[in-house]
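First comes the structure, then the notes that go with it.
Nothing in this text is a laboratory measurement; each read-out follows from the coordinates by a stated rule. Remember, it's a predicted structure, so these values are computed and weren't measured experimentally. Neighbour counts run over all protein chains shown; Cβ positions are idealised from the backbone, glycine included.
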Amino acid sequence: MSETTEKLRCLIIGSGPAGYTAAIYAARADLKPVIYQGLEPGGQLTITTDVDNFPGYPEGVKGPEMMEDLKKQAKRFGTEVRFGIVTKVDFSSRPFKVEADDGKTVMAETVIIATGATAKWLGLESEITFRGMGVSACATCDGFFYRGQDVAIVGGGDTAAEEATYLAKLCKKVYMIHRRDALRASKAMQHKVLNTPNIEMVWNSVPEEVLGDNSGVNGVRVKNIQTGESRNLDVTGFFVAIGHSPNSEIFKDQVKMNELGYIETIPGSTKTSVDGVFACGDVQDHYYRQAVTAAGTGCMAAIEAERFLGS
């Protein structure tokens, strides 16, 4: 074995609520975990301003601050946190072979995948400018901040429909922007959206620019793709609901995935199609996509890894 190759009992790929929680539990079980943080250390919460729905923070917490707390907690119990990216995996036999961009090759008895998912964005410059200042990709996470206000959401699938109806319970008015003249969502969800009085459909339209100032979003300019006409919608929140992409590309052909690229786990567990490889958080959960559920599955993955090693 070369100097750049090391043996580990537990390797965690990816940080965020799932990865760090897995690390806390694995470290306390004396598995001496190593975690590679990945491209976005701390995950999606590092681009979130206020987190008000994670238990234990009665006054709320900034996303990056919360991730730093979790990292410190993981390190406190002996987790080695590495800044780097896993570039290649081989799960064909144990110990599993994992290569990283720091030049190291790890031979791991167990692997916990916690690489998360990335929200799809429209690609507008103004969308980036106001991210965290009125622009969000999660209505369940941030809708509370817009109680009694007017907001807009873009998308036409089930996720967009679900988030629009969720926002409608909190907000005065919800503009739902869709590039077509009919929703792609299921018939049940379409019916729900179209029969919610304070949801106004903006058909055949695309957002051109998110409008705002130093205090945040105050509008969105939309263009009708049939007439070419543009108009401004007065809103304080702009939600993008055009889907997420699981960060699972390097695990392709290594573990079983669904048609969208989410890693499949045995129901009620984090076990993948490969014994000794576990997946937690948004890389395997396209339904809840919450920090607290990601943390919960991180806990499950660590406990299952411990039991696997003890069996």
Kindly provide the chymotrypsin sites (Phe, Trp or Tyr not before Pro) of segment 246-311 that DSSP labels as loop, not H, G, I, E or B, and whose Cβ sees at most 16 other Cβ atoms within 10 Å.
287, 288
Hz values of 3J(HN,Hα) by residue in segment 117-127 - Karplus curve (6.51, -1.76, 1.60), Gly and Pro given as x
9, 10, 5, 7, 10, 6, x, 7, 4, 5, 5
Where both partners of a DSSP beta bridge lie in the chain, what percent of those bridges are antiparallel, to the nearest 5?
45 percent
Which listed pairs, of 104/252; 97/271; 192/271; 32/72; 169/192; 71/169, have C-alpha distances above 24 Å, in listed order:
192/271; 71/169
I need the peptides 210-219, 289-298, 50-59 ranked by packing, meaning the mean over residues of other C-beta atoms within 10 angstrom, with the highest value on top.
289-298, 210-219, 50-59
I need the phi-derived Karplus couplings for segment 296-305: 6.51 cos²θ - 1.76 cosθ + 1.60, θ = phi - 60°, integer Hz, Gly and Pro marked x.
x, 6, x, 4, 4, 4, 5, 5, 5, 5
Which percent, to the nearest 5, of DSSP beta bridges fully inside segment 1-113 are antiparallel?
40 percent
Restricting to segment 121-240, compute how many DSSP beta bridges are antiparallel as a %, nearest 5.
45 percent
